[in-house]
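Data first, discussion second: the structure below is written as structure tokens.
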Amino acid sequence: MVWGRSALGQVNVGWARVVQFVLVIAVMLVGVDLARAEPTYHALVSPVPAAELADISDQYRDLPRYESVTKALAAAPKTGRYRVAIWPGEYYEKITIQRDNVSLQGITTDGVLPRIYFDAYAGMAGKYHRDDWGTPGSATLTINATGVQVHNLHIENSFDFLANDGLDKSDPKKLSHSQAVALLLDVDSDRTLITDSVIDGYQDTVFSDGGRSYFYKTRISGNVDFIFGDGFAVFDQCEIVSRRRAKAFSAGDIQGHLTAPSTNINQPYGLVFIDSTLVREEGVLENSVSLGRPWHPTTTFPDGRYADPEAIGSAIYIDTWMDSHIHKEGWASMGGTARDGTKSRVFTPEESRFFEAGSRGPGDNTHPSRQRLTDVEVRALKDFIAGFKKELTQ
């Protein structure tokens, strides 16, 4: 077994792991190309019979039709790739994919994606989760399988976060635990591919809590820790949209955070953004959003319950354009549970694996807290990605 040390931390680079990582990225990039092909579908999701749909093509007309994605998934055979076409429309569903090798493909009209939405939030969603944990329980779409692909879909958690965020703490209508996940990559998910999609929420939009995932040309929106978790996730040519808060803030306060990684120290990478853009909706102030903060989940250990000391979060931005809402210091601290049970422990960016390289735009800054990867590390990463893209197009 070969070990190396870099700015990213101690990394196990045993050859078996290198080969595994290479194959996973290769498969994902192949999937990006295949997503634009015309696959054979096995089911059609539509609120009306195919015979009543105008301009429906032959590849959809004779498919078994289901009124919901949930019903289409329930009809899947036990083995093989199962491809579901989703007709344009609005689908109020809470969906869990537990079967391997499922593909959900939205059919677009005039650039409008089929929308799957639900409005659960953490304070009431524990009933949906095996451990009575409301945050993952709130997810509109949960993926807990291997090889799942999602293309051309709009996935949204439609809980009215802003209405609740604007209420005073003393207001009896104020809801607690208002996290509301749109997409959960659950603990048994792996090799997930998301392309050409939109994922909307506010707090905790995308929860990467499983294995490896690859997002390509997808828009993700939110305001507080809205891409978070301990999984390995690549965001390639994605648009990351910061949304406003309704709560009042003092001048100069950080009002939102793009990421909150909880990557285990033995995992070399966490959340990686490549050739992406960091933009904002109207109402998001300049210098008000951090690139991320370190999440150390409160965990039960033999000697007590406290923040996981091995959750040394990893977030990296490579060649990413940043608007001026990004805070000049880049990163922020985050509180956690101390060993005595109090919320007194503060985890800082310096204790984390937070890096940039090739940042540009008005949100870029040379503040000393914004650590840069070395030229050697950047070149190795870019060569690795470019080499596989070239190989896959030959």
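The values are calculated or read from the model by the stated rules, or taken from the named source; none is laboratory data. Quantities reported herein were computed from a predicted structural model and do not represent experimental measurements. Please note: Cβ atoms are built from the backbone with ideal geometry, for glycine as well, and neighbour counts cover all protein chains shown. Quick note on the areas: whole protein, heavy atoms, side chains included, nothing else; ligands and nucleic acids left out. Shrake-Rupley method; radii C 1.70, N 1.55, O 1.52, S 1.80 Å.
Is one or more of the residues making up region 127-145 open to solvent by less than 10 Å² (accessible area, probe 1.4 Å), at pLDDT below 95, under 30 Å from Val279 (Cβ atoms) and of a type in the set (A, V, I, L, M)? No, there is no match, as no residue in region 127-145 is open to solvent by less than 10 Å² (accessible area, probe 1.4 Å), at pLDDT below 95, under 30 Å from Val279 (Cβ atoms) and of a type in the set (A, V, I, L, M). When Tyr317, Tyr306 are checked against the criterion of being farther than 21 Å from Val181 by Cβ and open to solvent by 10 Å² or more (accessible area, probe 1.4 Å), Tyr306 stands alone in meeting it.
When residues in region 197-224 are screened for being closer than 18 Å to His129 by Cβ and part of a strand (DSSP E or B), 4 of them pass. All conditions in (1) at negative phi; (2) open to solvent by less than 40 Å² (accessible area, probe 1.4 Å) hold for Asn152, with the sole exception of (1). Assess whether Arg370 counts as being in contact with a Phe, Trp or Tyr (Cβ under 9 Å, 6 or more places away or on another chain) and either modelled with pLDDT under 95 or surrounded by fewer than 20 Cβ atoms within 10 Å (Cβ to Cβ) (or both). In short, no. One residue stands out among those in region 273-288 that are open to solvent by 10 Å² or more (accessible area, probe 1.4 Å) and hydrophobic (A, V, I, L, M, F, W, C): the one that is nearest to Asn223 (Cα to Cα), which is Val284. For region 52-71, a residue qualifies if it is open to solvent by 100 Å² or more (accessible area, probe 1.4 Å), out of contact with any Pro (no Cβ under 7 Å at 6 or more places or on another chain), modelled with pLDDT of 95 or more and in a loop (DSSP other than H, G, I, E, B), but none of them does. Please verify whether Ala260 is touching a residue at least 60 places away in the same chain (Cβ under 8 Å), open to solvent by less than 20 Å² (accessible area, probe 1.4 Å) and of a type in the set (A, V, I, L, M), treating the condition exactly as stated. So Ala260 passes the test. Across region 178-193, the number of residues qualifying as part of a loop (DSSP other than H, G, I, E, B) and either touching a Ser or Thr at 6+ places or on another chain (Cβ under 8 Å) or charged (D, E, K, R) (or both) comes to 8. Contact map, region 113-125: first residue surrounded by fewer than 19 Cβ atoms within 10 Å (Cβ to Cβ), second residue of a type in the set (A, V, I, L, M, F, W, C), Cβ cut-off under 9 Å, separation 6 or more or different chains; pairs are Asp119/Phe159; Asp119/Ala180; Gly123/Leu175; Met124/Leu175.
Here region 320-362 is the region considered, the condition is being touching a Phe, Trp or Tyr at 6+ places or on another chain (Cβ under 7 Å) and outside any loop (DSSP other than H, G, I, E, B), and the residue that is most open to solvent (accessible area, probe 1.4 Å) is Arg360.
Of everything listed in (1) out of contact with any strand residue (DSSP E or B) (no Cβ under 8 Å at 6 or more places or on another chain); (2) closer than 17 Å to Ala182 by Cα, the single unmet condition for Glu93 is (1).
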